[in-house]
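Participant: Here it is, the structure in full.
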Amino acid sequence: MKILKFKNKQKFKYNKKIIVKDLILLLSVGIHQFERLKRQKVKFNLEITTDPNLKSDIKSIVNYESVINDIKKLTKKSHFELLESLSESIFDRIFRNKKIKKIKLKIEKLEIIKETTSVGIEVTKTKI
């Protein structure tokens, strides 16, 4: 009798994400005059999907600290009338990194309507 040995040829599909949770910044955003005069607390949550074929080394990862610094720089510069325009500016900045394939972004104003904890938007954008 002959014994057959099967080699384990499992293949895996990876989905790598960088997560930034509850980043709270003071920024100028909104359509009302009082929103132009005083900065308000805004919370950001991001899920950034990267190219799954990247190596896991310091040269090929997406650095979450760089993502946070990009958002800080962007929001310090100017007033945004709408959260939607702020989100597009963030997408434009983060997608400069060619390793990034998809971004899920949630932006919430924390102090604008006193009967709520927050109001905001959530947008997902994918490179095709």
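Here's the yes/no breakdown for (1) over 13 Å from the mean Cα position of the chain (by Cα); (2) closer than 17 Å to Val119 by Cβ; (3) modelled with pLDDT under 95; (4) of a type in the set (Phe, Trp, Tyr):
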residue	(1), (2), (3), (4)
Lys5	yes, no, yes, no
Gln10	yes, no, yes, no
Tyr14	yes, no, yes, yes
Lys21	no, no, no, no
Leu25	yes, yes, no, no
Phe34	yes, yes, yes, yes
Gln40	yes, yes, no, no
Leu46	no, no, no, no
Pro52	yes, no, yes, no
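Participant: Same structure again: Just give me the residues in segment 105-120 being out of contact with any Lys or Arg (no Cβ under 7 Å at 6 or more places or on another chain) and loosely packed, with under 15 Cβ neighbours inside 10 Å, in sequence order.
Facilitator: Those that are out of contact with any Lys or Arg (no Cβ under 7 Å at 6 or more places or on another chain) and loosely packed, with under 15 Cβ neighbours inside 10 Å: Ile113, Lys114, Glu115, Thr116, Thr117.
Participant: Could I ask something else about it? Right, Glu81: within 14 Å of the chain's Cα centre (by Cα) and acidic (Asp, Glu) or not?
Facilitator: No; evaluated as a whole, the condition is false for this residue.
Participant: For segment 8-103, list the helices (runs of 4 or more DSSP H) that sit wholly inside it and hold at least 3 residues that are surrounded by 11 or more Cβ atoms within 10 Å (Cβ to Cβ); which are they?
Facilitator: Ranges flagged: 64-77, 83-94.
Participant: Quick one: what pairs do we get from segment 110-123, first residue without any contact (Cβ under 8 Å) to a residue 12 or more places away in the chain and part of a strand (DSSP E or B), second surrounded by fewer than 12 Cβ atoms within 10 Å (Cβ to Cβ) and of a type in the set (Val, Ile, Thr), C-beta under 9 Å, 6+ apart or different chains?
Facilitator: From residues that are without any contact (Cβ under 8 Å) to a residue 12 or more places away in the chain and part of a strand (DSSP E or B), the pairs are Val119/Ile113.
Participant: Let me ask something additional. Going through segment 18-57 one residue at a time, which ones are free of Cβ contacts under 8 Å to residues at least 60 places away in the same chain, of a type in the set (A, V, I, L, M) and closer than 21 Å to Arg93 by Cα?
Facilitator: Correct list: Ile18, Ile19, Val20, Leu23, Leu25, Leu26, Leu27, Ile48, Leu54.
Participant: For segment 87-128, give me each residue that is closer than 17 Å to Gly30 by Cα and within 12 Å of the chain's Cα centre (by Cα).
Facilitator: Within segment 87-128, Ser87, Glu88, Ser89, Ile90, Lys106, Ile107, Glu122 qualify.
The values are calculated or read from the model by the stated rules, or taken from the named source; none is laboratory data. Remember, predicted model here, so these are calculated numbers, not experimental data. Quick reminder, even Gly has a Cβ in these numbers, built from the backbone with ideal geometry, and neighbours come from all protein chains shown.
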